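In what follows, a single structure is set out as C-alpha cells and then discussed.
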Amino acid sequence: MYLHLQTCRFSLRLIKPLTCLLLVIMLITMSTVPGTVLGESDAASNAMSLTRDPHYWSETQIAVLSSLSLSSLPPLPPDPSNSIADKPAAAEFGKKLFFDVRLSANGTVSCATCHKVELNFTDGLPRAIGVGVTKRHTMTIVGTAYSPWMFWDGSKDSQWSQALGPLENAVEHGGNRSLYAHILFNDDVYRTQYEYLFGKFPDLSDVNRYPNSAGPVEDPEASAAWEGMTQEDREVITQIFVNMGKAIAAYERLIMPAPSTFDAYVMAAKLGSWTRMQATYTDSQARGLRVFIGKGQCINCHNGPLFTNNDFHNIGVPLSIDFPLDFGRKNGVSVVKNDPFNCLGDYSDALYVQCPDLLYTKTKGPELVAAFKTPSLRNVAESAPYMHFGQIETLAEVIRHYNEAPSPVQGHSSLTKLDFTINEMKDLESFLGTLSSPLAAPADMLKSPWPSMAK
Ligand code: HEC
Ligand code: HEC
C-alpha cells in the first residue's frame, strides 16, 4: 500500500485527482489477483514469466544480474607481492617481453604465440604448442589480474610468478633464466628500461661466472651449468628473472574485458526498460540467462562480473586415455605452497599478512582431486575448444556435459543431472554468446612492439 500511496502523492502533482484514484484502484486490484506482477514470489514469477515475458525480472533477479555485470567489478586491487605492478614503465617493458620471440630456445616462441591478442589471448588449440606440445589447454590472460590463482590447478599465486613458469618450461619457451638475463643485458633498450625500474643492471660480461645458458631446467647442459655456479651468482641471475616476471605482470594487469551485450542488457533491466531489453536481447537469450541463474545452477561457480568464483571444482570432464591422469588442484596446491616464487617467498614484495590466499587455502580433501579452476565465461564463445585439456569442442557439447553430469574418472563430481529441454540448451548457448566483447586495454598494449618478428 505504501507504494500505491506514494504513486498517488507523486501523481497528484502531475495529473488530475480522479485519474490518481483510478490508478490506485488498478494497482490494488493487481496486487490482490494471484500471479500478477506485484503479488508473486520469485519462484512463481520465474515460472510465469517463461510463458509470459522472458524479459520480466523480479527485484531479486535484477540484483543477481547486477552482480554479474562489469559495472560491479571493483577497481583492480593492488598486488603487494609486486612493487612495480602498477608502474606504466613496467607495463611498457613487460609488453616488449610478452611479444619477444628471442626469449625462447629456438627463437620462435613468445607468450603471444599461445596468448594471441586476436583470439582473446588464447590459441584456439586443444593443447598449446610452443617449442613442444603442452599437457593442458591455453587459458586466457584477460582479467586474470583479479584471480588469486594462476593455471588450471592454481599452482601459481601471482601473475609475475606464473610468467616464470612457461619461460623455463621445456615445451613452452624452452629456454633458461641465464639465457634471458643475457638477452636483456646485451640489448641497450632493455637495459635502459630495466635500470629505470630496478637500478643498475648487474655486469654479466664474465661468462665463466654467468654462463650464456644456465638454469634449473630439464635441459642437461643448462642444468649442469647452473649447478656449477656459486649461490651468489645464481642469485644475481634469478633476481633479473624475477624482475622480468614482475614487468610482464604489470603489462597483463592492463588487459581486461570490455562491456558486452550482456552488460547492456543488465543496464536496461535495471532501468526497467522493456524496449531497451528487447532491443538488446532476443527472447531466447533472455530465457538462456534465466536458465543460467536458475535451473542450470551455473551461477554457483560462474559468478561475479568475471563469471568465476576463482575456486577449483571437479566437474567430471572426460579424460584422454593417451595422457597420464591430471590430479588438478590436489597437486597444484602443494606446488604453490613450496614455490620459491610464491607470495611468502624471498622474491615477493609482500608482508606475511598480505598473503591470506596462500596462507589459508585448503590443502587436503577429496574435493581437490581432479578439481580445476573455474574459468571466466567472458568471451567464452570466442575461445573454443574448452576445459583444461581442450577436450570439449563446442559450447553445445559443454552444455550437454552439464545436463548429463557424467561420473568422473577420478574423484567426485560437483555436478548433478539437470534435465534440460532441448530448447533450454539452445537458449543457454545463445545467452553465452552475449558475453563476447572487445578487450578493454590501451590500443598500443594490444599490438606487438616487434612488427618485424614472426609470432
Ligand atoms: C606454448 C604455449 C604457451 C606459452 C608460450 C605461454 N603460455 Fe601461458 N598458458 C598456456 C597454457 C597451456 C596454460 C595453462 C597451463 C596449465 O594450467 O598448466 C597457460 C596459462 C597461463 C596463465 C594463467 C591464466 C589463469 O587464468 O590462470 C597466464 C596468466 C599465462 N599463461 C601467461 C603467460 C605468459 C606471461 C607467458 C610468457 C612468459 C605465457 N603464458 C606463455 C600456454 C602458453
Ligand atoms: C561446480 C562448479 C561449476 C558449475 C555449477 C558450473 N561450472 Fe562451468 N566450469 C567449472 C569448472 C571447474 C570448469 C573447468 C573444468 C575443467 O576444465 O576440468 C568449467 C568450465 C566451463 C566452460 C568451459 C570454459 C573454458 O574456457 O574452457 C563453460 C562454457 C562452462 N563451464 C559453462 C557452464 C554453464 C553453462 C554452467 C551451468 C549449466 C556451468 N558452467 C556450471 C565449474 C562449474
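We did not get these values from a lab; they are worked out from the coordinates using the rules stated. No experiment lies behind these values; they were computed from the predicted model shown. Counting neighbours? That spans all protein chains shown, and the Cβs are built from the backbone with ideal geometry, glycine included.
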>> For segment 387-455 and segment 320-355, what is the centre-to-centre distance using only Cα atoms, to the nearest Å?
In response: 25 Å
> Most exposed first by the Cβ proxy, i.e. fewest other Cβ within 10 Å, how do Glu252, Glu235 rank?
Replying inline: Glu235, Glu252
> Residue-wise, which Karplus ³J(HN,Hα) couplings in Hz belong to segment 279-285, taking 6.51 cos²θ - 1.76 cosθ + 1.60, θ = phi - 60°, and x for glycine or proline?
Replying inline: 6, 8, 10, 6, 4, 5, 5
> Placing +1 at every Lys and Arg Cβ and -1 at every Asp and Glu Cβ, with all other atoms neutral, what dipole size does segment 101-237 have around its Cα centre, in debye to the nearest 20?
Replying inline: 440 debye
> P(r) of the chain in 10 Å steps, Cα pairs, percent per bin?
Replying inline: 4, 18, 26, 22, 14, 8, 5, 2, 1, 0
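Taking the mean number of other Cβ atoms within 10 Å as a proxy for protection, how do you rank 116-124, 141-149 from highest to lowest?
Sorting 116-124, 141-149 by mean packing, highest first, produces 141-149, 116-124.
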> Which ordering of Cys298, Cys111 is given by a fewest-first count of other beta-carbon atoms within 10 Å?
Replying inline: Cys298, Cys111
> From the phi of every residue in segment 238-244, what ³J(HN,Hα) in whole Hz does the Karplus formula 6.51 cos²θ - 1.76 cosθ + 1.60 yield, where θ is phi - 60° and glycine or proline is x?
Replying inline: 4, 5, 5, 4, 4, 5, 4
> Long-range amide H contacts for Ala371: which residues qualify at under 5 Å (H placed 1.01 Å from N, peptide plane, sequence gap of 5 or more or a different chain)?
Replying inline: Arg329, Lys330
>> Checking the table Lys96/Lys373; Lys116/Lys373; Lys330/Lys426 against a 32 Å threshold on Cα-Cα, which pairs fail?
In response: Lys330/Lys426
